Amino acid sequence: MGTSNNQKVAVVTGSSSGIGFETSLLLARNQFVTYATMRNLNKSDELLKIAAKEIIPLKVIQLDVNDDNSVNSAIDIIVKENDRIDVLVNNAGYDLFGSLEELTIDEIKGQFETNFFGVIRACKAVIPTMRKQGSGTIINISSLGGRIGLVPFLTAYHASKFAVEGFTESLRQELAQFNIDVILIEPGAIRSNFIDNSKTGKNYNPENSPYASTIQKVFEGFQSIMAESSHPRDVAEVILKAVNTSNPNVRYPVGKDAEYVLKIRTELSDKELEKWVRESYMDKKGFIRE
Ligand SMILES: NC(=O)c1ccc[n+]([C@@H]2O[C@H](COP(=O)([O-])OP(=O)(O)OC[C@H]3O[C@@H](n4cnc5c(N)ncnc54)[C@H](OP(=O)(O)O)[C@@H]3O)[C@@H](O)[C@H]2O)c1
């Protein structure tokens, strides 16, 4: 699979499920030559089946964002096959759940390895190609949780997404001279495999943790937040729109919940916002309150 007729080339990380899966499909359906990358190729069957049935330009290759060699060799293959990369979607990520006291430093470093250094690795791998061709769009999947430290027991996750936000803002300034755009996508709650793929700190024991009852309440409160969640396809559609726009925004919140919370954030003091957010999960009020 190489490019023809000026087809654009897109690379998506973490395409085995959720947002990455839907984004890879949508880009390929819109005639981007799409490399749906994933760390475990055993999870590629469904994507390949759909691509074959619809005859869309989608190829799956192995890429683990934690691994320099894996990232560099995947990008080398793509550049050899197409001589260009137009779009990189940094999507791979997970959340580490647990009280800070009960998380290990290694677990927290692991969260940053994927959610933050994974983004940096993929950016470093594609930038030389985009710089030489004088164009490109890098899409970083941040989160509503990259704008507001919404939820307790997600300290490392929030920190990793705040890091992606600051990194992106600076990188935008650095790459503008080469006509490379770097964009943030900020989804609210999305119905993907995200909760199932969530990691809990290994030192957490609900039998004797001083945090157990609060953690239980937060889990239950998530139900009201998930009731307002969006489909991963909604995120994919916003990504496609950003990629196809000549002068895209810096950041795109996705979902009614994300839009609502970011609006409320401008209207409340920090302490009022803290209380409001706490009520969203502790009192099961959800985020959207009209
Ligand atoms: N779901 C939400 O509510 C939500 C909200 C805001 C932002 N986000 C962000 O959206 C992104 C996608 O999440 P999702 O909701 O689509 O969740 P998901 O269904 O769990 O998908 C996460 C993807 O990341 C992949 N991944 C994890 N570690 C990886 C690694 N080291 N190398 C390559 N791929 C890796 C997973 O692969 P495996 O199948 O191999 O595990 C999976 O394909 C994440 O960055 C997440 O933080 C999600």
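Annotations for the structure displayed:
- Scanning the range 28-47 for residues that are farther than 18 Å from LYS8 by Cβ, open to solvent by less than 70 Å² (accessible area, probe 1.4 Å) and in contact with a strand residue (DSSP E or B) (Cβ under 7 Å, 6 or more places away or on another chain), we see that the one that is nearest to the ligand (Cβ to nearest atom) is MET38.
- Some residue of the range 155-178 being touching a His at 6+ places or on another chain (Cβ under 7 Å) and within 25 Å of GLU279 (Cβ to Cβ): no
- Just one residue in the set PHE219, PHE153, PHE167 is touching a Phe, Trp or Tyr at 6+ places or on another chain (Cβ under 6 Å) and of a type in the set (Phe, Trp, Tyr); that residue is PHE153.
- LEU144 being open to solvent by less than 10 Å² (accessible area, probe 1.4 Å), out of contact with any Lys or Arg (no Cβ under 7 Å at 6 or more places or on another chain) and within 30 Å of TYR204 (Cα to Cα): yes
- Residues considered: ASN69, ASN90. Of these, the only one that is within 11 Å of the ligand (Cβ to nearest atom), at pLDDT 95 or above and not β-branched (Val, Ile, Thr) is ASN90.
- Residues within the range 48-66 that are without any contact (Cβ under 8 Å) to a residue 12 or more places away in the chain and within 15 Å of the ligand (Cβ to nearest atom), tallied: 0
- Considering the range 65-169, the qualifying helices (runs of 4 or more DSSP H), each wholly inside and each with 2 or more residues that are of a type in the set (Ser, Thr, Tyr), run over 68-82.
- Residue in the range 214-233 that is part of a loop (DSSP other than H, G, I, E, B), open to solvent by 40 Å² or more (accessible area, probe 1.4 Å) and at positive phi present: no
- Test: residue in the range 96-108 that is of a type in the set (Phe, Trp, Tyr) and out of contact with any strand residue (DSSP E or B) (no Cβ under 6 Å at 6 or more places or on another chain): no
- When SER4 is tested against (1) modelled with pLDDT of 95 or more; (2) out of contact with any helix residue (DSSP H, G or I) (no Cβ under 6 Å at 6 or more places or on another chain); (3) hydroxyl-bearing (Ser, Thr, Tyr); (4) in a loop (DSSP other than H, G, I, E, B), only condition (1) is not met.
The values are calculated or read from the model by the stated rules, or taken from the named source; none is laboratory data. If you're wondering where the values come from, they're calculated on a predicted model, not measured in any experiment. No Cβ is skipped: glycine too gets one built from the backbone with ideal geometry, and neighbour counts run over all protein chains shown. Areas reflect the complete protein model, heavy atoms only, side chains present, ligands, DNA and RNA absent. Shrake-Rupley method; radii C 1.70, N 1.55, O 1.52, S 1.80 Å.
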